[in-house]
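The values are calculated or read from the model by the stated rules, or taken from the named source; none is laboratory data. Nothing here was measured: the structure is a model prediction, and the numbers come from that model. Counting neighbours? That spans all protein chains shown, and the Cβs are built from the backbone with ideal geometry, glycine included. All accessible areas refer to the heavy atoms of the entire protein, side chains included, with ligands and DNA or RNA removed. Shrake-Rupley method; radii C 1.70, N 1.55, O 1.52, S 1.80 Å.
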Amino acid sequence: MNLKKLKRPPTTPGEILREDFLGPMRLTQKNVADHIDVDIKVINRLINNKTSVSPELALKLAATFNTTPQFWLNAQLAVDLYEARKSSGGLPSPIAKAS
């Protein structure tokens, strides 16, 4: 993915959870929190983009929604890289190979 050309921020794991799973499946944040045995605050913070997906949470979401942990972690990674690129003062150019 070329982050320089990305026009909009990547979709966050919280947005994915809300729009692709909770809404269509008519689940509440509490339903999911209870099912995966986490505090509702964890799901609420994720939905509101106040926290990141951890590997443990990715495993639980993957099992719950028949996805993979990589699905959730890759979504988080895309957001993290986008934010890092946005806040960096510029990246170094590649080191030229020695002849």
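Expressed as a whole percentage, what fraction of the accessible surface of the stretch 1-78 belongs to carbon and sulfur atoms when a 1.4 Å probe is rolled over the protein heavy atoms?
On the way: 2610 of 5070 Å².
Here it works out to 52 percent.
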Q) In percent, what relative contact order does the chain have, based on Cα pairs under 8 Å that are 6 or more apart in sequence? A) 30 percent
Q: Grab the Cα-Cα distance for Asn49 and Arg85, subtract it from 0.36 nm times how many residues apart they are, and report the gain in nm with one decimal.
A: 11.2 nm
Q | Top of Pro24, Pro13, Pro55 by mean-square fluctuation, Gaussian network on the chain, Cα under 10 Å | A | Pro24
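Consider all pairwise Cα distances in the chain and report the whole-number % of them above 18 Å.
51 percent
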Q) So, with +1 on the Cβ of K and R and -1 on the Cβ of D and E, and no other charges, what is the size of the charge dipole of the chain about its Cα centre, to the nearest 20 debye? A) 540 debye
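Using a 1.4 angstrom probe, figure out how much accessible area the stretch 14-99 has per residue, in square angstrom, rounded to the nearest whole.
On the way: 5900 Å² over 86 residues.
For the stretch 14-99, the per-residue accessible area is 69 Å².
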Q) Is it possible to state the helix-based mean residue ellipticity at 222 nm for the chain, with each DSSP H run of 4+ residues giving -39500 (n - 2.57), the sum divided by total residues, to the nearest 500 deg cm²/dmol? What is it? A) -15000 deg cm²/dmol
**Q.** Those lysines that a straight Cα-Cα span of less than 17 Å connects to Lys7, excepting residues fewer than 8 apart in one chain
**A.** Lys86
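With Cβ to Cβ distances under 14 Å as the rule, what net charge do the other residues near Pro69 carry (K, R +1; D, E -1)? Could you put the intermediate results ahead of the total?
Values: positive: Lys60; negative: Glu56.
Spelling it out: positives minus negatives among the neighbours equals 0.
On a full-extension model of 0.36 nm per residue, what is the gain between Val38 and Arg8, subtracting their alpha-carbon distance, rounded to one decimal in nm?
7.7 nm
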Q: Determine ³J(HN,Hα), in whole Hz, for all residues of the stretch 60-71 in sequence, where each value follows from phi through the Karplus function 6.51 cos²θ - 1.76 cosθ + 1.60 and θ = phi - 60°; x replaces Gly and Pro.
A: 5, 5, 4, 5, 5, 10, 6, 10, 10, x, 4, 4
